[in-house]
Amino acid sequence: MPDYIIRPATKADLPALRIAEQAVIAWERSFDHNLAADPISYYDLDNMFDREDVLLIMAEVNGQLAATGYILRRPNKPYEAFSHHGYIGFMYTAPEHRGKGIATAIIARLRQWAAEKGLKEIRLEVYDQNVSAVRAYEKAGLKKVLTEMRMDI
């Protein structure tokens, strides 16, 4: 049996969630020099509670946040086969809890939510250079589909 529990995040978890969000941003700065100067925020955490179109969850070890993730029902392009997909974001695992399968368990729970909502696909974005994250997502069953390219001018 795992030493963690996965549960919906609550407003009471906001302080810990905000710390985790800043850890994600700090890590990703090495992959993207176009991020604005701190303080920045990636996620609208205040508005992710009590909504039908989003599930924000966290893993807890001994009462402390160990990992996070959310899924949002998002519209597809008009030319795609399905009207919506589940978009996964805020995938974070505290360094001391990496390699324990927690991220895979969170993705499985988010995938379950998507299936319950009738969605046929989940997607996420990850920096190509974030090799450990790419490996974790592939281990959970996701596949690379499209590469976004940029050029500074």
Residues meeting the amide H criterion for L124 (H placed from the backbone, H to H distance under 5 Å, 5 or more places apart or on another chain) are I88
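Lysine pairs in the chain with alpha-carbon atoms under 17 Å apart, 8 or more places apart or on different chains: how many are there?
Numbers: K77/K120; K100/K139; K120/K143; K120/K144.
Here the count comes out as 4.
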Given a 1.4 Å probe and every protein chain left where it sits, what share in percent of the accessible area of the chain is carbon and sulfur? 54 percent
Separation between the I19 and A81 pseudo-spin-labels, each 7 Å from Cα along Cα→Cβ, expressed in nm? 4.4 nm
Mind listing the long-range amide H neighbours of M58? Cut-off is under 5 Å, sequence gap 5 or more, other chains count too, H placed in the peptide plane at 1.01 Å from N. R7, A9
Quick one: accessible area per residue over region 1-92, 1.4 Å probe, rounded to a whole number of Å²? 57 Å²
How far is it, in nm, from the label point at L146 to the one at A108 when both lie 7 Å from their Cα along the line to the Cβ? 3.0 nm
Using alpha-carbon positions, the gyration tensor of region 1-105 gives root eigenvalues a ≥ b ≥ c; with a/c under 1.5 called rounded, otherwise prolate if a/b exceeds b/c, else oblate, the class is oblate
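Just to be sure I understand the rule: take each whole DSSP H helix in the chain, project its Cα atoms onto its long axis, keep it if the span is 15 Å or more and its mean Kyte-Doolittle hydropathy is at least 0.0. Which ones pass? Could you put the intermediate results ahead of the total?
Numbers: long enough: 14-28 (21 Å, 0.70); 102-116 (21 Å, 0.58).
Going by DSSP H runs, the hits are 14-28, 102-116.
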Would you mind checking which residues have amide H under 5 Å from A94's amide H? H placed 1.01 Å from N; only 5 or more apart, or other chain. A67
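I need to check one value: relative contact order of the chain, counting alpha carbon pairs closer than 8 Å and at least 6 residues apart, in percent. If you can, show how the numbers build up before the last one.
Values: 190 pairs, mean separation 30.6, N = 153.
This gives 20 percent for the chain.
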Two-decimal Rg/Rh across region 82-135, once Rg and the Kirkwood Rh are taken from alpha-carbon atoms: 1.01
Would you please give the FRET efficiency between W27 and E121, computed as 1/(1 + (r/R0)^6) with r the Cβ-Cβ distance and R0 = 22 Å, to the nearest 0.05? 0.25
Let me have the 222 nm mean residue ellipticity of the chain computed from DSSP H runs of 4+ only, each contributing -39500 (n - 2.57), with the sum over all residues rounded to the nearest 500. -8000 deg cm²/dmol
Cβ-Cβ cut-off under 13 Å around P15, Lys and Arg +1, Asp and Glu -1: the net charge is -1
So what J values fall out for region 65-79 if you push phi through Karplus, 6.51 cos²θ - 1.76 cosθ + 1.60 with θ = phi - 60°, rounded to Hz, Gly and Pro as x? 4, 10, 6, 9, x, 9, 9, 10, 6, 10, x, 8, 5, x, 8
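The values are calculated or read from the model by the stated rules, or taken from the named source; none is laboratory data. Keep in mind the model is a prediction, meaning the values are calculated, not measured. All Cβ positions, glycine included, derive from the backbone under ideal geometry; neighbour counts span all protein chains shown. These accessible areas exclude ligands, DNA and RNA; they are computed on the full protein's heavy atoms, side chains included. Shrake-Rupley method; radii C 1.70, N 1.55, O 1.52, S 1.80 Å.
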